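The structure appears below as C-alpha cells.
The values are calculated or read from the model by the stated rules, or taken from the named source; none is laboratory data. Every value quoted in this text rests on a predicted model; they were computed, and no experiment measured them. Virtual Cβ from ideal backbone geometry, glycine too; neighbours counted across all protein chains shown.
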Amino acid sequence: MNILEFINQFPDENSCREDMRSAREREGVICKKCKGKKHYWLKAKWAWQCADCSFRTSLRSGTVMENSNLPVRTWYLAMAFMTFTKKGISEVELQRQLGHSRYNTVWSLMHKIRSAMGKRDDTYGLEGMIEFDEGYFEKATKEKDRKKLKRGRGSQRQSNVAVMAESTKLEDLETGKKDSHCRYFKMKVLQTHKKEESTRLYRAILMISA
C-alpha cells in the first residue's frame, strides 16, 4: 500500500475506527473481568459489552492506543509513514508530516509503535534450515557529520548487524532447478565485532526459535 491507496482506504477518523473494530473482532475480544469471549457491540459508546458480566471494553482498550487522546487516524498515519519507506522516518519528519505541534507527543507515539512491532516480531519463530551471517548497514547520518566519520570496518557511519534467515529449499519439478525462499528473518545490532558475541547471539536466537 502506498500513501495514495492509504488515503483512499482511510479518508477519515470513522473509516479508521471501523477498520480497527473489524480487526479486533476477527482476532477476538476477551473480557478483562471474566475472560468471556461473547460480546455485543455498542455503537453509541464505541465499545463492546460482555454478554456474561456486562463489562465494557473500549475500542482502544488493550492496544497500543490505550490512554491516548490522539485520533485513531493519527495513529494509522504514523504507522503508515513508518512502514512506507525502507529508510524509515525520523521523529522530526513525522511531526512535520502529521502537522503536530508537540515533538514529545510524536516521539512517544513512535516509541510505542516500535515497541509493539518488536513484541509482534518476537512471536515469529524460525524453523527448518536457518542461515546466519553478519552485514554492515549504513546509519542515517547528517551530511555535515558524515565527512567527519571514518570509513571501513568499525566505522561510526555503519552498524554491524547479525542476520538469521529461515531458508526453505525449493525445486522446480519440471526443470529440476533449485532455489531457496526466505519466509522470516531476525536481525540484531551487534555492540562489538568480536566472534564471541555473534556466537552467543546465534545460540540465543536458536533457543527462542526452537
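Below is a table of values for the structure above.
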item: Restricting the range 69-94 to residues that are over 19 Å from the mean Cα position of the chain (by Cα) and either in the same structural domain as Gln9 (by TED's automatic domain parsing) or under 22 Å from Phe10 (Cβ atoms) (or both), the residue that is surrounded by the fewest Cβ atoms within 10 Å (Cβ to Cβ); result: Asn69
item: Among the candidates Ala44, Ala23, residue that is at pLDDT below 95 and either of a type in the set (D, E, K, R) or over 23 Å from the mean Cα position of the chain (by Cα) (or both); result: Ala44
